[in-house]
Amino acid sequence: AKAQGRNRYSFFDPMMQAAAQRRQHLANDLHSALAEQQLRVVYQPIVQLATGRVVKAEALVRWQHPQLGLVSPSEFIPIAEETGLIITIGEWVFLQAVRQVKHWRENYCRDFQISVNKSPIQFQDKNLHYPAWPEQLKKLGLPGQSIVVEITEGLLLETDRFIDDKFMAFRDAGLQVALDDFGTGYSSLAYLKKFDIDYLKIDQSFVRNLTAQSDDKVLCEAIIVMAHKLGIKVIAEGVETEGQCGLLAAMGCDYGQGYWFSKPVAPEVFEGLFGRAFLG
Ligand code: C2E
Ligand code: CA
Ligand code: CA
Ligand code: CA
C-alpha cells in the first residue's frame, strides 16, 4: 500500500504532469513544424575582436508554435534528439545556412563563414537519407571553409570509427570544426589534438562574471594560451558587456559573440545591421 501511495503521488504530481504533457505536446507538434513553416533560422554575428569586423555568424533555429508562441531550442532540440527529428531539422538548418552564406559571400564578404550546430545524433545517423555536407557545398560551388561545424564535447567521448571517418571527410573537404561550450563537458584535453579542431568556443558560464580580478579571467586566459599553442582560434560566447569584450580582447581572444554585439536576428536584419561592417 505504501509503494502504491508513492506511485500515485508521483503520477499525480501536478507540476511533473504538466511538464510531461507539454513535452508530449511539443513532440507531437514538432513532426509537422517544418512542413508547416514554423521553423526559421536566425543569425548571430561573430566579431573579430582585434578589428571589430563581423567575419562569421552562428545559425540558430527558432520555432514559432501556433499556440505556445516562441519555443526555445534548449527545450525542443533535446526532444528533436530523442525522437530522431533532429536529423531532418538539422539538415534543413544546414541548407538554410548554406544558401545564406552563399548570398553573403557573393554580396558582402568573400570569406564569410556561417557556423552550424550539429548534434551527436546527426553524426550517428547511418541511413544516408541526405547527401553529405561537403557534397552539398560542392554542388552550390562553395568552398568547404564557408561552413564551420559546431560540435559539443559529448561527441568526442565516443570512440567510433564511423564518427572519425565523418570527421576526416569534413577535414578533407575543408570544412572547419568548432568545439562548442568548451569547459562544461568531461572530455580530456587530448581530444583537442586528436580531432584537429579549428575553433574552441569558451562557454558563456566563464564569460558571464568575467572581471579583471575574477577566477574566470584566469581560466579564460589559460584556455586562450593553451588553444593558441595548439594552433586553435578562440571564440568567447555570451559577451554581454563592453568590459568583458575589452578584457577578452586584451587576453588575445580571437573572436567574440554575444548580446554586446547583437542578439541572433533574421537575415534581413543582419544585413541592415552589419552589411557595412562586412565591407569594412
Ligand atoms: P549554443 O550552441 O551554445 O548557442 C548559443 C546560445 O547562447 C544561443 O541560444 C544564443 O542565443 C545564446 N546567446 C548568445 N549570446 C548570448 C549572450 O550574450 N547572453 C546570453 N545569456 N545568451 C546568449 P539559443 O539560440 O536559445 O540556443 C540554445 C541552444 O540550442 C544552442 O546553444 C544549441 O545547443 C541549441 N541549438 C540552437 N539551434 C540549433 C540547431 O540548429 N541545431 C542544433 N543541433 N542545436 C541547436
Ligand atoms: Ca553553438
Ligand atoms: Ca555554445
Ligand atoms: Ca549551449
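The values are calculated or read from the model by the stated rules, or taken from the named source; none is laboratory data. Values in this document were obtained by computation on a predicted structure and should not be read as measured data. FYI the Cβ positions are ideal-geometry reconstructions off the backbone, even for glycines, and counts take in every protein chain you see. The accessibility values were calculated without ligands, DNA or RNA, using every heavy atom of the protein model including side chains. Shrake-Rupley method; radii C 1.70, N 1.55, O 1.52, S 1.80 Å.
Here the contact order of the chain, divided by its residue count and restricted to Cα pairs under 8 Å and six or more residues apart, works out to 19 percent. Projecting label points 7 angstrom from Cα along Cα→Cβ for SER72 and ASP111 puts them 3.6 nm apart. Let me check I've understood the local charge: for MET251, count other residues with C-beta under 13 angstrom from its C-beta, Lys and Arg +1, Asp and Glu -1. What total comes out? Cβ neighbours under 13 Å give a net charge of -2. Close amide-amide hydrogen proximity is noted between VAL177 and VAL149, ASP198, TYR199, each under 5 Å apart and 5 or more residues distant or on a separate chain (H modeled in the peptide plane; Pro and chain starts excluded). Label-to-label distance for ALA19 and GLU221 is 4.0 nm, based on points extended 7 Å past Cα in the beta-carbon direction.
Rounded to the nearest 20, the size of the Cβ-charge dipole of the chain about its Cα centre is 220 debye, with Lys and Arg at +1 and Asp and Glu at -1. Relative to the longest principal axis of the Cα atoms of the chain, the long axis of helix 267-279 lies at roughly 20 degrees.
Between the helical axis of 86-107 and the dominant principal axis of the chain, each derived from Cα atoms, what acute angle in degrees is found, rounded to the nearest 10? Around 20 degrees separate the two axes. Candidates SER115, GLN48, ILE77 compared by Cα position along the dipole of region 3-146: farthest toward the positive end lies GLN48, with charges placed on Cβ. If R0 is 25 Å, the Cβ-Cβ spacing of LYS229 and GLN145 corresponds to a FRET efficiency of close to 0.65. For the chain, the longest principal axis of the C-alpha atoms and the axis of helix 215-229 are separated by about 60°.
Net charge of the neighbourhood of LYS138, taken over other residues with C-beta under 14 Å away and scored Lys/Arg +1, Asp/Glu -1, is 0. Under 9 Å from the Cβ of GLU153, count the other residues' Cβ atoms, weight Lys and Arg +1, Asp and Glu -1, and hand me the total. Once all neighbours under 9 Å are counted, the net charge is -2.
Given R₀ = 22 Å, what would the calculated FRET efficiency be for ASP198 paired with ASP164, taking r from the Cβ atoms and rounding to 0.05? Working from the Cβ atoms, E equals 0.85. Can you give the accessible area of PHE195 in Å² (nearest 10), computed on protein heavy atoms with a 1.4 Å probe? Roll a 1.4 Å probe over it and PHE195 shows about 10 Å². Accessible surface computed residue by residue for the chain, with neighbouring protein chains in place and a 1.4 Å probe, gives 52 Å² per residue. Of all lysines in the structure, those lying under 23 Å Cα to Cα from LYS193, and not within fewer than 8 positions of it along the same chain, are LYS118, LYS166, LYS201, LYS229, LYS233.
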